[in-house]
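Q: Here you go, one structure.
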Amino acid sequence: MKKIILLLFIIYNCFADTHAVVFTYHRFGNDKYPSTNISKEQFKEQLEYLHRNNYNVLKLSTIINLLKQNKELPPKSIALTMDDAYKSVYTVAFPMLKEYNYRCCVFVNTQPIDRLSKNYMSWDEMREMKKYGVEFANHSFSHPYLIQKKDILDKEIKQAQKRLHEELGDDTNENPKMFSYPFGEYDTDIQQYLQKNGYIGITQTSGVFYKENLHEIPRYPMSEKFATKQGFQLKLNTLPLPIESVKADETQTPPSLQIKLKKHLNIGCFLSSGEMIDVTWKDETTFQIQAKEKFTSRREKYTCTAKAQKGKWYWFSYLWVDKH
């Protein structure tokens with residue numbers, strides 16, 4: 001028996017991971033909002049793929065706590081998250097999740113819940129989901145652009161946390177305390193506030209979650225455009241880009257980014273639109289990227305990828321936000 005246990009331990013550790021892929025969703029089956037919606041068919045297809053291919057769908061809090069404790073994750077670990085607590089999370093996604101015995105994390109901006117908005121879940125519905133094992137976390141009180149309203153940052157987070165405790169129990173969003181940035185926007189000031197107050201920062205920036213980015217956990221957004229079978233499976237098979245350091249220079253227009261890798265890779269970099277960015281190598285492992293033209297949107301991302309072994313891809317995204 002001891003030999004069998006030892007063998008299983010060795011096998012597990014050979015295939016265990018130190019990273020996880022996290023997906024984020026908003027609306028389900030509501031094609032009025034294609035940029036934040038995924039169809040019922042797409043979501044069903046994704047859950048079925050995870051089931052058939054033996055992915056470990058874990059709670060986000062479980063993944064965070066394991067990595068914080070320097071423990072390895074089960075192989076093929078992923079987490080499913082939903083922002084805003086829209087009604088379709090309960091009416092569409094929740095029944096599908098129960099069918100596969102999967103859990104998720106819902107980030108709640110509490111003001112519309114208290115106002116009984118028909119577009120959002122109710123506290124009773126959330127209580128039902130919590131009994132099943134769904135976890136709920138902080139997405140602020142009123143979902144503001146916090147970079148421009150840092151004077152209300154403390155109030156927004158504390159008020160939302162207070163309402164989560166009052167309605168869902170004092171244990172809600174406490175181990176760990178998680179905060180999803182409204183609109184996915186954050187800067188160093190907001191990050192420092194979270195760290196000082198014991199929160200983990202959750203982004204909407206694409207990438208792979210590993211211990212080193214614990215306070216800006218990336219997630220792959222899943223909407224109709226990106227939720228294709230090919231796109232979903234590609235992101236499932238991503239690895240964290242092996243980065244030694246990142247230097248961002250916002251004094252330039254458009255801003256530039258310098259990345260030093262732990263090893264040389266054939267890198268390709270892109271804007272959110274998919275337009276390629278020229279890569280300038282400084283030495284064997286250091287390269288610089290900069291868009292050709294000034295940004296035209298409030299948020300922009302530089303995304304860099306490289307082929308890895310066994311059909312996988314290294315992936316890293318950096319978010320730029322117009323703070324004015």
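Q: In whole Å, what are the Cα extents of segment 18-239 along the three principal axes, biggest one first?
A: Cα extents, longest axis first: 46, 41, 31 Å.
Q: Tell me, what is the FRET efficiency for F270 and H51 to the nearest 0.05, using R0 = 35 angstrom and their Cβ-Cβ distance as r?
A: Details: r = 31 Å, r/R0 = 0.90.
After rounding, the FRET efficiency stands at 0.65.
Q: Around Y181, which amide H atoms from residues at least 5 apart in sequence, or from another chain, sit under 5 Å from its own amide H, with H modelled in the peptide plane?
A: Counting only residues 5 or more places away or on other chains, the set is I202.
Q: To the nearest 20 Debye, how big is the dipole of the chain about its Cα centre, given +1 on the beta carbon of each Lys and Arg and -1 on that of each Asp and Glu?
A: Values: 46 positive and 38 negative charges, 160 e Å.
In debye, rounded to 20, the chain gives about 780.
Q: Does segment 264-324 come out rounded, prolate or oblate, given a ≥ b ≥ c as the square roots of the eigenvalues of its C-alpha gyration tensor, rounded meaning a/c under 1.5 and, failing that, prolate meaning a/b above b/c?
A: Working: a/c = 2.45, a/b = 1.65, b/c = 1.49.
The shape class here is prolate.
Q: Using Cβ counts within 10 Å as a stand-in for footprinting exposure, how do S140, S317, S35, S117 rank, fewest first?
A: On the way: S140 24, S317 20, S35 11, S117 14.
By the 10 Å Cβ count, ascending: S35, S117, S317, S140.
Q: Moving on. Please give the FRET efficiency for S245 paired with I152, using the beta carbon to beta carbon distance and R0 = 45 Å, rounded to the nearest 0.05. Numbers along the way, then the final one.
A: Values: r = 33 Å, r/R0 = 0.74.
Efficiency at R0 = 45 Å is approximately 0.85.
Q: Can you give the FRET efficiency to the nearest 0.05 for Q69 and K118, using r as the Cβ-Cβ distance and R₀ = 51 Å?
A: On the way: r = 42 Å, r/R0 = 0.82.
For Q69 and K118, the calculated efficiency is 0.75.
Q: Ok, one more. If each residue of separation counts as 0.36 nm, what is the full-extension length gain between T285 and H165 once their alpha-carbon separation is subtracted? Walk me through the intermediate numbers first.
A: Working: separation 120, 0.36 × 120 = 43.20 nm, distance 4.76 nm.
Additional length available on full extension: 38.4 nm.
Q: Taking a point 7 angstrom from the Cα of K312 along the C-beta vector, which residues in segment 42-56 have backbone N less than 15 Å away?
A: Of the residues in segment 42-56, 55-56 have backbone N under 15 Å from the label point off K312.
Q: With a length cut of 15 Å (Cα positions projected on each helix's long axis) and a Kyte-Doolittle mean of at least -1.0, go through the chain and give me the DSSP H helices that pass. Present the calculation step by step, with values, prior to reporting the outcome.
A: Values: long enough: 2-15 (20 Å, 1.78); 40-52 (18 Å, -1.84); 153-168 (22 Å, -1.42).
Flagged H segments are 2-15.
Q: Measure up K40/K118; K76/K260; K158/K196; K260/K312; K40/K87 against 24 Å on the Cα-Cα distance and list the ones that go over.
A: Pairs exceeding the cut-off: K76/K260.
Taken together, the values in this text are just the output of simple stated rules run on the coordinates, not laboratory data. All values derive from a computational prediction rather than experimental measurement. Neighbour counts run over all protein chains shown; Cβ positions are idealised from the backbone, glycine included.
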